[in-house]
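Chemist: My questions all concern the structure below.
The values are calculated or read from the model by the stated rules, or taken from the named source; none is laboratory data. On a predicted model such as this, the values are computed, not experimentally measured, just so you know. Positions of Cβ are backbone-derived with ideal geometry, glycine not excepted, and every protein chain shown enters the neighbour counts. Note: areas computed on protein heavy atoms with side chains; ligands, DNA, RNA excluded. Shrake-Rupley method; radii C 1.70, N 1.55, O 1.52, S 1.80 Å.
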Amino acid sequence: MKSEHNLRILGLDIGGANIKAGLVEVSNGRIVECRTVVTYLPLWRVGKKKLSKELQEISTFLSKTDKIDGVGVTMTAELSDVFKSKKEGVEYVLRNVESLCGNTKPLIVDYTGQLIKLEEAYSDYLNVSSANWAATAKVLTQIFKECILIDVGSTTTDIIPIVNHKVSVLGSTDLERLATGELIYTGILRSNISSIVHSIPIKGKETEIASEIFALSSDVHLILGNISQEEYSTDTADGRGKSLDECLSRLARIVCSDSDILGEAEIKKMAYNIYNEQIKKIGNGLKQVWSQSLFEKKLKARFPIVTTGLGGKILGKEAALKLDFRMFSDIGEILGIKDSQVIAAISIALLVAENRGEKLVWSTF
């Protein structure tokens, strides 16, 4: 039974390809209800003007006309090339959020995991740019004294160290985090194959691949059974369907061939090779973060790795296993959230609930 004192908080993670939203109801420090939605919205293709309508439809769908007590926002959409600059992108997203919220004052998460008001977000736009990882990491600091978060999304991977219950990153902006290994530009759905490998073994002979967008990482992972057609939630490289045969056809094309010539078994070998290269890429970032975070004297086998995102277990956990880590948790399982894609949205909602005086209760590790 719902209590009139339950807090109902809407969390929005506004990306350039997907909007992830969660409406969390909190009572006595516990999540008592959670509704989520993920909407594919490629701004570079449909145009930025679609954002306002989608946000309104998402809010209405989740709230079901009930009162929302607070709104928390994080974003990565500002990096989309529909905007001339990050400043323009952040301001555009904030204006749409402001219009959506009306009299409810939204709070925006900055790269430290702190919640700030709209006015401050407008003036310090770089502090809130691409800070969705900070919302998830901030929640983790209440659960783990130390750990490394590996969040593998559709496009990128975040590797975030937690030290003494504090987020302990070296980089704040995307630019800085690319240099520190805390941001790896590889993901489970939208990565161009040529960003993962430059050549690939074909029938025992190392073969250069075509530098074209013939196939995506989503094709690789569907071929290998790592994702379902439903989870293949991005546009295909050629605009065709998402069946196994169509994925095989696209992947064969990266070496200027086709599935009739190569055959399914050979193309699957290609997919495994690309998959392993993605794991290595994430592993290299994890090694860099580990060496920078004063963890090197600790035993990897007893050090917690926390995964999230659609590719968290498929790519992140596998990368950590190859580096001899053996203790794994999934933040979705900790929070009781089934859809790992919405964890940042849920996290920002929980931070807003705490800001409104709700003390959340966690089992600590």
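Chemist: Only residues in the range 80-96 that are in contact (Cβ under 8 Å) with a residue 12 or more places away in the chain count as the first member; pair them with residues that are assigned to a loop (DSSP other than H, G, I, E, B) and open to solvent by less than 40 Å² (accessible area, probe 1.4 Å), Cβ under 6 angstrom, at least 6 apart or cross-chain, and list the lot.
Modeler: 80/16; 89/83
Chemist: For the range 1-20: of the residues being among the aliphatic types (A, V, I, L, M) and assigned to a loop (DSSP other than H, G, I, E, B), which is most open to solvent (accessible area, probe 1.4 Å)? Don't jump to the end; show me each part of the working.
Modeler: Step one: of the range 1-20, the residues among the aliphatic types (A, V, I, L, M) are 1, 7, 9-10, 12, 14, 17, 19.
From what's left, assigned to a loop (DSSP other than H, G, I, E, B): 1, 17.
Working: 1: 231, 17: 10 Å².
Taking the candidates together, the pick is 1.
Chemist: In addition: Given 306, 352, 361, which one is surrounded by fewer than 18 Cβ atoms within 10 Å (Cβ to Cβ) and among the β-branched types (Val, Ile, Thr)? Give the derivation first.
Modeler: Details: 306 fails: surrounded by fewer than 18 Cβ atoms within 10 Å (Cβ to Cβ); 352 fails: surrounded by fewer than 18 Cβ atoms within 10 Å (Cβ to Cβ).
So the residue among 306, 352, 361 that is surrounded by fewer than 18 Cβ atoms within 10 Å (Cβ to Cβ) and among the β-branched types (Val, Ile, Thr) is 361.
Chemist: Out of curiosity, is residue 120 surrounded by fewer than 24 Cβ atoms within 10 Å (Cβ to Cβ), of a type outside the set (A, V, I, L, M) and farther than 21 Å from residue 350 by Cα? Explain how you work it out, then say what you get.
Modeler: Numbers: surrounded by fewer than 24 Cβ atoms within 10 Å (Cβ to Cβ): yes; of a type outside the set (A, V, I, L, M): yes; farther than 21 Å from residue 350 by Cα: no.
Judged against the criteria, residue 120 is not a match.
Chemist: Further, regarding this structure: Would you be able to tell me the number of residues in the range 209-246 that are of a type outside the set (A, V, I, L, M) and part of a helix (DSSP H, G or I)?
Modeler: Here is the first cut: in the range 209-246, the residues of a type outside the set (A, V, I, L, M) are 211-212, 214, 217-219, 221, 225-226, 228-236, 238-243, 245-246.
Adding the requirement that they be part of a helix (DSSP H, G or I) leaves 217-219, 221, 245-246.
Selection size over the range 209-246: 6.
Chemist: Shifting gears a bit: In this structure, does residue 329 turn out to be among the polar types (S, T, N, Q), under 20 Å from residue 14 (Cα atoms) and either surrounded by 24 or more Cβ atoms within 10 Å (Cβ to Cβ) or touching a residue at least 12 places away in the same chain (Cβ under 8 Å) (or both)? It would help to see each step written out before you state the result.
Modeler: Values: among the polar types (S, T, N, Q): yes; under 20 Å from residue 14 (Cα atoms): no; either surrounded by 24 or more Cβ atoms within 10 Å (Cβ to Cβ) or touching a residue at least 12 places away in the same chain (Cβ under 8 Å) (or both): yes.
Against the criterion (among the polar types (S, T, N, Q), under 20 Å from residue 14 (Cα atoms) and either surrounded by 24 or more Cβ atoms within 10 Å (Cβ to Cβ) or touching a residue at least 12 places away in the same chain (Cβ under 8 Å) (or both)), residue 329 does not qualify.
Chemist: Which ones in the range 309-326 are outside any helix (DSSP H, G or I) and open to solvent by 50 Å² or more (accessible area, probe 1.4 Å)? First the steps, then the outcome.
Modeler: Quick first cut of the range 309-326, residues outside any helix (DSSP H, G or I) only: 309-311, 323-326.
Selection gives 324, 326.
Chemist: Taking the range 90-125 only, how many residues are over 27 Å from residue 158 (Cα atoms) and of a type in the set (Asp, Glu)?
Modeler: Residues that pass the stated criteria total 2.
Chemist: Give me the residue from the range 42-71 that is in a helix (DSSP H, G or I) and small (Gly, Ala, Ser) and, out of that set, nearest to residue 175 (Cα to Cα). Spell out how you get there, then give the answer.
Modeler: Taking the range 42-71 as the starting set, the residues that turn out to be in a helix (DSSP H, G or I) are 43-46, 50-63.
Those still in the list that are small (Gly, Ala, Ser) too: 52, 59, 63.
On the way: 52: 28, 59: 32, 63: 36 Å.
Across the range 42-71, the extreme among qualifying residues is 52.
Chemist: Hey, residue 235 hits all of (1) without any contact (Cβ under 8 Å) to a residue 40 or more places away in the chain; (2) surrounded by fewer than 18 Cβ atoms within 10 Å (Cβ to Cβ) but one; which does it fall short on?
Modeler: Evaluating residue 235 over (1) without any contact (Cβ under 8 Å) to a residue 40 or more places away in the chain; (2) surrounded by fewer than 18 Cβ atoms within 10 Å (Cβ to Cβ) leaves (1) as the failure.
Chemist: Which one of the conditions (1) closer than 18 Å to residue 187 by Cβ; (2) modelled with pLDDT of 95 or more does residue 73 fail to meet, given that it meets all the rest?
Modeler: Condition not satisfied by residue 73: (1).
Chemist: So which pairs qualify, if the first residue must be in the range 21-47 and surrounded by 14 or more Cβ atoms within 10 Å (Cβ to Cβ), the second must be part of a loop (DSSP other than H, G, I, E, B) and polar (S, T, N, Q), the Cβ gap must be under 6 Å, and the two must be at least 6 apart or on different chains?
Modeler: From residues that are surrounded by 14 or more Cβ atoms within 10 Å (Cβ to Cβ), the pairs are 25/6; 27/3; 27/6; 40/233; 43/80.
Chemist: Another question, then. Does residue 191 meet the test of being modelled with pLDDT under 95 and either under 18 Å from residue 75 (Cα atoms) or over 12 Å from the mean Cα position of the chain (by Cα) (or both)? If you could, list the steps in order and put the result at the bottom.
Modeler: Details: modelled with pLDDT under 95: no; either under 18 Å from residue 75 (Cα atoms) or over 12 Å from the mean Cα position of the chain (by Cα) (or both): yes.
No, not satisfied.
Chemist: Right, something else. From the list 291, 249, which one is of a type in the set (Gly, Ala, Ser) and over 30 Å from residue 145 (Cβ atoms)? Give the derivation first.
Modeler: Working: 291 fails: over 30 Å from residue 145 (Cβ atoms).
Among 291, 249, only 249 is of a type in the set (Gly, Ala, Ser) and over 30 Å from residue 145 (Cβ atoms).
Chemist: Further question on the same structure: Check off (1) in a strand (DSSP E or B); (2) open to solvent by 40 Å² or more (accessible area, probe 1.4 Å); (3) closer than 24 Å to residue 302 by Cα; (4) not small (Gly, Ala, Ser) for residue 206 and give me the number that stays unchecked.
Modeler: For residue 206, the exception is condition (3).
Chemist: Follow-up question, since we're still on this one. Any residue in the range 243-259 that is charged (D, E, K, R), modelled with pLDDT under 95, open to solvent by 50 Å² or more (accessible area, probe 1.4 Å) and over 19 Å from the mean Cα position of the chain (by Cα)? Before you say what the answer is, go through the steps one by one.
Modeler: Here is the first cut: in the range 243-259, the residues charged (D, E, K, R) are 245-246, 250, 253, 258.
If we keep only those that are modelled with pLDDT under 95 as well, we get none.
No - not one qualifying residue is present in the range 243-259.
Chemist: Considering only the range 333-365, state which residues are over 24 Å from residue 110 (Cβ atoms), touching a residue at least 12 places away in the same chain (Cβ under 8 Å) and of a type outside the set (S, T, N, Q).
Modeler: Correct list: 336, 339, 361, 365.
Chemist: Give me the residue from the range 91-143 that is among the aromatic types (Phe, Trp, Tyr) and within 19 Å of the chain's Cα centre (by Cα) and, out of that set, nearest to residue 362 (Cα to Cα).
Modeler: Filtering the range 91-143 for residues among the aromatic types (Phe, Trp, Tyr) gives 92, 111, 122, 125, 133.
Adding the requirement that they be within 19 Å of the chain's Cα centre (by Cα) leaves 111, 133.
Numbers: 111: 23, 133: 20 Å.
Looking at residues that are among the aromatic types (Phe, Trp, Tyr) and within 19 Å of the chain's Cα centre (by Cα), I get 133.
Chemist: If you don't mind, there's one more thing I want to ask. Quickly run through the range 209-226 and pick out the residues that are within 19 Å of the chain's Cα centre (by Cα) and open to solvent by less than 10 Å² (accessible area, probe 1.4 Å).
Modeler: Filtering the range 209-226 for residues within 19 Å of the chain's Cα centre (by Cα) gives 216-222, 226.
Scanning the range 209-226 gives 217, 218, 219, 220, 221.
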